[in-house]
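We did not get these values from a lab; they are worked out from the coordinates using the rules stated. Please read all numbers here as calculations on a predicted model, not as lab measurements. Note that we place each Cβ from the backbone using ideal geometry, even for glycine, and neighbour counts take in every protein chain shown.
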Amino acid sequence: QVGTGDANLAEQLAGDVAAQAEATDRAKLRGRHLEHVAELGHRVNQLGSDGTTARGAGAELFAILAEAAGDLDFEAADVWIRRGGEDWLAGASHNSGIWGTLPAPGQPGSGLRPEDMSIGEVVVDDQDVDPEEWAALEREGLSRLIRITLATIDGTLIVLRAADSVSINGGADAVQTADVTGGARAEFASNDRPALGDVEALRLLAAQATVALQNNKLLSDLQTMHDELEHQASHDVLTGLPNRKWFMTRLRRQITNSDGPGLDVVLFLDLNGFKQVNDTMGHEAGDELLVEVSGRLREVIGSSGELARLGGDEFTVLAGPVEEVEEAQALASRIHASLVEPFDLQNGRAKVGTSIGIAVRDPATASDVGDTELLRRADAAMYAAKTAHSDLRTAIYDPSLDEGERRRGRLVAELRRALDEEEIEMAFQPVVGTESGRIAGVEALLRWTHRELGPIDTGTTLSLAEEAGLSSRLNRWILEHATQTVAAIGVEDVYVAVNLSPTELGADDLMANVGDALHLSGIAPDRLVIELSERLVSEDRGQQLNIDALSELGVVLSLDDFGEGRTSLAHLRGLPISQLKIDRRLVQNACESEVDLTILRSVTELAQQLSMEVVAEGIETPSQRQVMADLGIELVQGYGLFRPLTADKLRRLLLAGASAGRITRTQVASGVGSRGGER
């Protein structure tokens, strides 16, 4: 039997063996690290000796230091440069795993706060006297950060940072061995945790880099390298345009110095149709388009302003000082004109427009308006232009827009509730035979009457849905409600038309929504008409997949508002369009101008030769209807015939008129027709 003393001795021996093995492993690891540092040191000493420019050699040095930290078991590392009191610029970075990035310069735990800069080396860990410093690291998944100053050359400071992941947070085995300037702040010895980054090896490597820098071997042209890094930090990589940081700095400077006559002006641009290109042609095509758009904007703006890309499909222009706001409006008009022609991309043609908001600051009367507020005002004006739903895609900021912006924010939050509580409704405007007067179909129109704010414009509702991520749900509701309403009435030969926005036409779930709507309602596919805007079709042929699938399903495709844009009927020959709806302005002009009448006659004849049914919109008078009949246009629609009706009024109208085959004056006068309808 083994005695207690023997057992203790055996346990002690086993512990000694394990400790010896661990010490051996640490010694081997340290040896490998030192060998690696020696190799890297040789590389550092050779930088610039092969004729590489100082700037190129400096960039390589920074990359060596950041990557070497990973080889020395640090989780993440980076190199930063700062000239004088300017902003820090990133020289290089490296991350070995999935943990968070190092805190930004100036932030707690970064080692780059103003109070840290008087010390050559800073270590932040769980022994830190400032708990905020440690907590900031822990939030990023890090446990210890060391910052080493490499050099200060001609007022330019260069520092190296490296950090460990939180999985190696010290605990009972962590022991403090030296202060921040004399050695590693904390060394860890643990049998069951990964090794910490080798601080001593990192210091040796940093020292060799410092010698190279101080000896002017590498950064003899440090100013040039700093300027290049500064350019990268202030410019957009994709387009090469100045970025938001640059723009705000430039705007702030202009406002600060604008003590003379003239107006400070900001134009805020947001592209229309860009998302459809991204969704249907791919992000590479979207990037290509942004580059092409940037080129056109550069050319048209020229010396009239300073162009920047804020991000995504948003651009800004700093103009001024200008004498009159009309100068900014003229620039906006030139920008619109520059985007009229389509863009030829590798995967096809794309067309985008833009909405422009203009904000003006008069130093004499608005001295309290700063850079952030002026940009916000331009953004608010841009949004007003985007939601105006007219050809005028430019708006100038007015204080009344602020109330509209607050109202819109409220509506975004309430749209979901409106869908849940069935506050959204549909109205139906009949489409009638030009000669017979018989109702051939109805157009389904979205209606939202807010319980406190009253009726909400349809275009606003649709853009709110897209902003709130509810477009798919709303589109599904529209399709199902429209088809089920018409099916429930029971008049078999009446179709229902539904409008689709560009976003909806390109949606991945469109065909599923259409198929479900037809299945639930039981109506035949050819009783569902999908109306596409002319601008949509001319802008983006990438949505052809859904267009072709709808046609193959038997759904009728109608081109809405024809004559509003630039689409030619020749272009439409490649699309499965069965119906053409003439825009109300062309209809009204044709009734007043021989030239426009000739144009409408030619369009009608060509459409009929292409086997397209023609619908004239905006009929307001009997004489207009007669002109359409004389031109041979089959169907007409407008307030002069019927205003949009509730589902109940539509049902009564169809059931009353179905057997007669014609809408009578008595039915109209009784309140189910145009005079009794609702908008």
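Odds and ends about this structure:
- Computed lengthening from N257 to A524, 0.36 nm per intervening residue step minus Cα-Cα distance: 89.3 nm
- Spin-label model, E284 to L545: label points 7 Å out along the Cα-to-beta-carbon direction sit 1.5 nm apart.
- Local net charge near T598, Cβ-Cβ under 15 Å (Lys/Arg +1, Asp/Glu -1): -4
- For segment 546-560, the Karplus equation 6.51 cos²θ - 1.76 cosθ + 1.60, evaluated at θ = phi - 60°, returns couplings of 5, 4, 5, 5, 5, 5, 5, 6, x, 6, 7, 9, 10, 8, 8 Hz by residue, with Gly and Pro reported as x.
- Extension gain (nm, one decimal) between R438 and D362, 0.36 nm per residue minus Cα-Cα: 21.4 nm
- Seen from D164, the other residues with C-beta closer than 9 Å to its C-beta sum to a net charge of -2, counting Lys and Arg as +1 and Asp and Glu as -1.
- Over all pairs of different C-alpha atoms in segment 235-398, the reciprocal of the mean inverse distance, the Kirkwood hydrodynamic radius, equals 16.0 Å.
- For F74, the residues 5 or more places off, or on other chains, whose built amide H falls under 5 Å of its own are D198.
- Separation of the V412 and D493 label points, Cα + 7 Å toward Cβ, nm: 4.9
- In order through segment 306-317: 3J(HN,Hα) via Karplus (6.51 cos²θ - 1.76 cosθ + 1.60), integer Hz, x for Gly, Pro: 10, 8, 9, 10, 6, x, x, 10, 10, 10, 10, 10
- Using the Cβ-Cβ distance between D344 and H231 with R0 = 45 Å, the FRET efficiency computed as 1/(1 + (r/R0)^6) comes to roughly 0.90.
- Under 5 Å, built H, 5+ apart or other chain: amide partners of V442: V431, Y495, V496, A497
- Segment 409-672: equivalent-ellipsoid semi-axes (sqrt of 5 x gyration tensor eigenvalues, Cα, Å): 28, 23, 18
- Residues whose placed amide H lies under 5 Å from that of S143, excluding near-sequence neighbours: D164, S165, V166
- Inter-label distance, nm, simple model (7 Å from Cα along the C-beta direction), E373/M511: 5.4
- Here the gap between R250 and E403, fully extended at 0.36 nm per residue and compared with their Cα-Cα distance, gives a gain of 52.2 nm.
- Pairwise FRET efficiency - T621 versus E422, Cβ, R0 = 41 Å, nearest 0.05: 0.65
- Neighbourhood charge, 12 Å Cβ-Cβ cut-off, centred on I523 and excluding it, Lys, Arg +1 and Asp, Glu -1: -3
- Gyration tensor verdict on segment 327-442 (Cα atoms; rounded if a/c is under 1.5, prolate if a/b is larger than b/c, oblate otherwise): oblate
- Highest-first arrangement of 105-116, 638-649, where packing means the average Cβ count within 10 Å: 638-649, 105-116
- Computed P(r) (all Cα pairs; segment 335-396; 5 Å bins; percent): 4, 17, 18, 17, 14, 13, 9, 4, 3, 1, 0
- Efficiency of FRET between Q609 and S303 - r from beta-carbon atoms, R0 35 angstrom, step 0.05: 0.10
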